[in-house]
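What follows is calculated from the coordinates using simple rules that are stated; it is not laboratory data. Because the structure is a prediction, the values reported are computed rather than measured. For neighbour counting, all protein chains shown are included, and Cβ atoms are generated from backbone atoms with ideal geometry for every residue, glycine included.
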Amino acid sequence: MTTTANWSDLDLSTIDLSHLDLSFVDRIVLWYGTLPSAAQTLLTVAVGAAIAYVVFRIVIKLIKGIIMSVIAAVLAFLLTTVPGNLLLSQAFDRVEQQITTSINQ
């Protein structure tokens, strides 16, 4: 027959854990587990809100960057195509006029 420990009755603050090879994360988990239920909930909500705020700020910066990139691309397209078209059109008219003049002579 297997027995299981009742972890809710166990007081981890009275146990010597120095002989265990616990990582930093394991120690945080143990500390979190010893907190009262209300403190655990409050800490979870606070950390979740902080992480959500950071992610929100990052996404906003990404969206702003994407919008600025799209605006810059559209402006670059307009600035290069409209004047480029005008220059090429004027150059074509000039070449056409030179050819017509040379043929008529």
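The table for this structure:
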{"item": "Paramagnetic reach from Leu88 (point 7 Å along Cα→Cβ, amide N under 17 Å) across segment 48-79", "result": "76-79"}
{"item": "Neighbourhood net charge (14 Å Cβ-Cβ; Lys/Arg +1, Asp/Glu -1) for Thr100", "result": "-1"}
{"item": "Shape category assigned to segment 7-104 from the gyration tensor of Cα positions, a/c cut at 1.5", "result": "prolate"}
